[in-house]
Amino acid sequence: MTIIVHKPGLLTTVQDMGRYRYQRYGVVVAGAMDPFAYACANILTGNEPSAAALEITMVGPKLWFAQDALVAICGADMSPAIQGERVPLWRPVLVRAKSLLEFASAREGARAYLAINGGLIVEQRMGSSSTYLRAGIGGYAGRALIEGDELVWGRSTAAGAAIRRSLLQEVEDSPHGGGAADRPFIAARWSISSRALPHYSKHPQVRFLPGPHYGMFREDSLGDLRQGSYVVGPQSDRMGYRLEGKRLMLRERRELYSEPVTAGTVQVPPDGMPIVLMADRQTTGGYPVIAQVISVDLPLLAQTPPGGRLSFRQVDIREAQRLLLAERRDLAAIRAGVRMRVQSAPWTFGGCWHERA
Amino acid sequence: MIGYPLVGRRCRGMDSARNQANCRELLQDEWCTAARGMRYNGRKVRRGSLVQHAWIEPLGDRAVMVRLGERPDETFQRIVTLIAYLDDHPLPGQVEVVPGYTSVAIYYDPAEIEPLIETADRLAPVEFPCPYDYVRDRLLDILRTLDARDAPPAREVEIPVCYGGDCGPDLEDVARLNDLTAQEVVEIHSSASYVVHMIGFAPGFPYLGGMDPRIAAPRRDAPRPSVPAGSVGIAGVQTGVYPIETPGGWNVIGRTPLKLFQPERDPPSLLRAGDIVRFRPISKEAYARWEGQA
């Protein structure tokens, strides 16, 4: 149960939900930049939502599958294909043994997630499989994938086996008739509804809560944040998004004591250019915090490539948490939907395979 | 009954800023009550409880920040007290607790809290049961019962340091800047005891308080591309130890053979917030022996 990395892509790493409980020791959380797409990919392959998967950045890898594998690709569209045939996103796909899955550059979004039923098996560090690149901890040997790496996935789950059976059944029952054996892959004829998916854009609007030091900024700077737009700088990475736009100025300069920061924290160094902290952020920071991007909009940020333009809209904690809980319910509903879909034999739906999402 | 209905109800439905202002008002109100040693809301409030220094606000939608004062020297014991309590008695949905210099962040999972609020608020329905409100109220309850004088005793950690030479290439510079001899710098640095305010910047990196300003030295103009793990440095009036090899601009005055960060251990960090640290000078030979044993 092995994948051989023929080409690694720009930055392909093993990630999970992140490494919590060790921030007090200065250990960064890391984990998937777009937790929603990552969780969807796991759910679609019958994994627990927190199984280790690949995060693929901007330019994708070429991966050789030695055995049959049930996979799902969610997030950015990097035109994944096997033998020149496009592999659709946001649905389970049974990749046949000895197939080469090739990704190109991102056409939409910036990060894709490849989950495999059984989850990727890497040595856990501090309870997590995530790669913490700067310290070389976790994931695959503490680093991004390189050519020749061999990834191993775990034993099939019961849910994965059910999905796999239903994919094979779909092909057999298809009006175009069997032949499942000689196809390089079998994609489900259903996918997560586009209504449930975030709309990736190069000009997303992200919502924020006022940060702890919001009131220390000048009134015109607060106006610039709320009404203006900021370009994602070329040095943006998993640690943080460096934004370029109108300078955000304090009323008066003040030295602050370092305090905990989190994903979405918008800190403003003395040059006035905000930085949105992302998955690989340090655990604490000493710059004033003007805003905090809400959790449900972090996927939008993660999928905005450098050069994208952000605008901001203020919400309150009540709204932010309402949205967060609604997103959790969506994920639970997707999970339940997948289970229902594969447990019922397709013929009981009366030709449900004709619907394509 | 759960929590602190006065704050809870009054705050609901208000915007965040007013919400905060309101909380502080109520806290001060309560502080007066507490100072007189009265019962508040049917509950005895401890004289000198942490609640009178506390300022609670959201840190995004999955964490809450508790500020416990303005200066690290006054907040140190309060932070240690709160963390020790929350480690032993985690809040519902608590993920982890992270100290800063004057604050503590508590990460939580709102989804785990949501069902709890629905039960608690059945008699007083609100349009949306906000997990943050729930966590804040729980924290106020806890802070009311805590007193910094009950802080658990600090662990003392001795860190052997080989000062100067190859281990501390900047020792002479620090001495020259302060009109001292290298030996005097070593004596001053190793005679003080330091408190670990927090770990941050890099895994296992301690922010230490208590350095003598007589050996202060500004950061180096050109940071070194690589400072070895274990290097003991001075930057401004701060001193610290590099747990992993990293670029750095601190003046390196010595090196310890101890490993401050070992990812395969649990906990991975030698130090934690609240510890007391002392540096003990060791010879080059002792350093080499120590390394050899490891």
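In table form, for the structure just shown:
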quantity: Unmet criterion (only one of (1) out of contact with any helix residue (DSSP H, G or I) (no Cβ under 7 Å at 6 or more places or on another chain); (2) under 23 Å from residue A:37 (Cα atoms)) for residue A:189; calculated: (1)
quantity: Subset of the stretch A:251-269 that is acidic (Asp, Glu) and surrounded by fewer than 16 Cβ atoms within 10 Å (Cβ to Cβ) - its residue that is farthest from the other protein chains (Cβ to nearest Cβ); calculated: A:252
quantity: Strands (runs of 3 or more DSSP E) enclosed by the stretch A:64-121 - at least 3 residues per element that are under 18 Å from residue A:45 (Cβ atoms); calculated: A:69-77, A:92-95, A:108-116
quantity: The stretch B:131-182 - residue that is farther than 30 Å from residue B:289 by Cβ and acidic (Asp, Glu) and, of those, farthest from the chain's Cα centre (by Cα); calculated: B:179
quantity: Selection status of residue A:219, over 30 Å from residue A:108 (Cα atoms), of a type outside the set (Val, Ile, Thr) and either touching a Ser or Thr at 6+ places or on another chain (Cβ under 8 Å) or within 14 Å of chain B (Cβ to nearest Cβ) (or both); calculated: no
quantity: Residue that is farthest from the other protein chains (Cβ to nearest Cβ) [pool: residues in the stretch B:79-118 that are among the polar types (S, T, N, Q) and under 20 Å from residue B:53 (Cβ atoms)]; calculated: B:81
quantity: Breaking point among (1) free of Cβ contacts under 8 Å to residues at least 60 places away in the same chain; (2) surrounded by fewer than 19 Cβ atoms within 10 Å (Cβ to Cβ); (3) more than 10 Å from every other protein chain (Cβ to nearest Cβ), for residue B:70; calculated: (3)
quantity: Looking only at the stretch B:238-260, and only at residues there that are touching a helix residue (DSSP H, G or I) at 6+ places or on another chain (Cβ under 7 Å) and of a type in the set (A, V, I, L, M), the one that is surrounded by the fewest Cβ atoms within 10 Å (Cβ to Cβ); calculated: B:244
quantity: Identity of the residue in the stretch B:244-257, modelled with pLDDT of 95 or more and in a loop (DSSP other than H, G, I, E, B), that ends up nearest to the other protein chains (Cβ to nearest Cβ); calculated: B:256
quantity: Residue among A:146, A:137, A:82, A:73 that is within 14 Å of chain B (Cβ to nearest Cβ), under 21 Å from residue A:9 (Cα atoms) and not hydroxyl-bearing (Ser, Thr, Tyr); calculated: A:137
quantity: Unmet criterion (only one of (1) on the phi < 0 side of the Ramachandran plot; (2) surrounded by fewer than 21 Cβ atoms within 10 Å (Cβ to Cβ)) for residue A:272; calculated: (1)
quantity: Which listed residue, of A:248, A:168, A:209, A:222, is surrounded by fewer than 16 Cβ atoms within 10 Å (Cβ to Cβ), touching a helix residue (DSSP H, G or I) at 6+ places or on another chain (Cβ under 8 Å) and among the hydrophobic types (A, V, I, L, M, F, W, C); calculated: A:168
quantity: Output for the stretch A:5-35, where each listed residue is within 14 Å of chain B (Cβ to nearest Cβ), touching a helix residue (DSSP H, G or I) at 6+ places or on another chain (Cβ under 9 Å) and outside any loop (DSSP other than H, G, I, E, B); calculated: A:24, A:35
quantity: Per-region count, the stretch B:246-255, residues under 16 Å from residue B:204 (Cα atoms) and within 23 Å of the chain's Cα centre (by Cα); calculated: 2
quantity: Residues of the stretch A:255-274 satisfying the condition of being within 15 Å of residue A:224 (Cα to Cα) and of a type in the set (A, V, I, L, M, F, W, C); calculated: A:266, A:268, A:273
quantity: Unmet criterion (only one of (1) buried (at least 19 other Cβ atoms within 10 Å of the Cβ); (2) modelled with pLDDT of 95 or more) for residue A:200; calculated: (2)
quantity: Residue among B:263, B:268 that is surrounded by fewer than 24 Cβ atoms within 10 Å (Cβ to Cβ), under 20 Å from the mean Cα position of the chain (by Cα), under 15 Å from residue A:26 (Cα atoms) and of a type outside the set (Gly, Ala, Ser); calculated: B:268
quantity: Subset of the stretch B:258-294 (residues that are of a type in the set (D, E, K, R), away from chain A (no Cβ under 14 Å) and under 20 Å from residue B:154 (Cα atoms)); calculated: B:278, B:280
quantity: Close pairs from the stretch A:155-171: first without any contact (Cβ under 8 Å) to a residue 40 or more places away in the chain, partner part of a helix (DSSP H, G or I), Cβ under 6 Å, at least 6 apart; calculated: A:171/A:180
quantity: Qualifying residue in the stretch A:184-196 (condition: within 14 Å of chain B (Cβ to nearest Cβ), small (Gly, Ala, Ser) and assigned to a helix (DSSP H, G or I)); calculated: no
quantity: Residues of the stretch A:187-219 satisfying the condition of being over 27 Å from the mean Cα position of the chain (by Cα) and free of Cβ contacts under 8 Å to residues at least 12 places away in the same chain; calculated: A:215, A:219
quantity: Extreme residue, farthest from residue B:80 (Cα to Cα), among residues of the stretch B:235-294 that are of a type in the set (Asp, Glu) and in contact (Cβ under 8 Å) with a residue 12 or more places away in the chain; calculated: B:291
quantity: Pairs, first more than 7 Å from chain A (Cβ to nearest Cβ) and under 21 Å from residue B:246 (Cβ atoms) in the stretch B:196-217, second part of a loop (DSSP other than H, G, I, E, B) and β-branched (Val, Ile, Thr), C-beta under 7 Å, six or more apart; calculated: B:211/B:237
quantity: Wholly within the stretch A:274-339, strands (runs of 3 or more DSSP E) carrying at least 1 residues that are at the interface with chain B (Cβ under 9 Å from one of its Cβ atoms), closer than 24 Å to residue A:16 by Cβ and touching a Phe, Trp or Tyr at 6+ places or on another chain (Cβ under 8 Å); calculated: A:289-293
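The values are calculated or read from the model by the stated rules, or taken from the named source; none is laboratory data. Worth saying up front: this structure is predicted, and the values here are computed from it rather than measured. We place every Cβ from the backbone using ideal geometry, glycine too, and count neighbours over all the protein chains shown.
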